[in-house]
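**Student:** The structure that follows is given in the form of structure tokens.
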Amino acid sequence: MDAKETLVRIVLLALMLYAAACLAASRRELHEALGAEEALRARLQAVEQENLAMSRKLTEGWSAEELEQLARERLGLVLPGDKIFRFPREEPEREN
């Protein structure tokens, strides 16, 4: 074997190793992309279900119980006869 043939074999081996490394990196990126796609599909399905529920609410309307719950939780409203308890905030003690 002469030097030229040895050099060609070394170059071919280097190219094969480079190609293998590129293939491994591409496979890893593909695996990560498939995982991300699966997560996005799950999120899309959850958002579509939430969208469907909201669409039903728009067409059917809110029940009296749901409206009362929203008024209590978001607006802080109470019904006549409800008892309201207020707790003072604890203030940190000041050093003199």
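The values are calculated or read from the model by the stated rules, or taken from the named source; none is laboratory data. Since this is a predicted model, take the numbers as computed values, not measurements. Positions of Cβ are backbone-derived with ideal geometry, glycine not excepted, and every protein chain shown enters the neighbour counts.
**Student:** What residue, of Ala25, Ala64, is more than 30 Å from Leu79 (Cα to Cα) and more than 24 Å from the chain's Cα centre (by Cα)? Explain how you work it out, then say what you get.
**Tutor:** Numbers: Ala64 fails: more than 30 Å from Leu79 (Cα to Cα).
Testing whether each residue is more than 30 Å from Leu79 (Cα to Cα) and more than 24 Å from the chain's Cα centre (by Cα) leaves just Ala25.
**Student:** Let me ask something else. Return the pair list, or none, for Cβ contacts closer than 8 Å from residues in segment 72-96 that are at negative phi to residues that are loosely packed, with under 10 Cβ neighbours inside 10 Å, at least 6 apart or on different chains.
**Tutor:** Between residues of segment 72-96 that are at negative phi and residues that are loosely packed, with under 10 Cβ neighbours inside 10 Å, the close pairs are Val78/Ile84.
**Student:** For the structure I just gave you, tell me whether Arg43 is surrounded by 10 or more Cβ atoms within 10 Å (Cβ to Cβ), more than 20 Å from the chain's Cα centre (by Cα) and at pLDDT 95 or above.
**Tutor:** no
**Student:** Regarding Glu68, is this residue free of Cβ contacts under 8 Å to residues at least 12 places away in the same chain, part of a helix (DSSP H, G or I) and in contact with a Leu (Cβ under 9 Å, 6 or more places away or on another chain)?
**Tutor:** So Glu68 passes the test.
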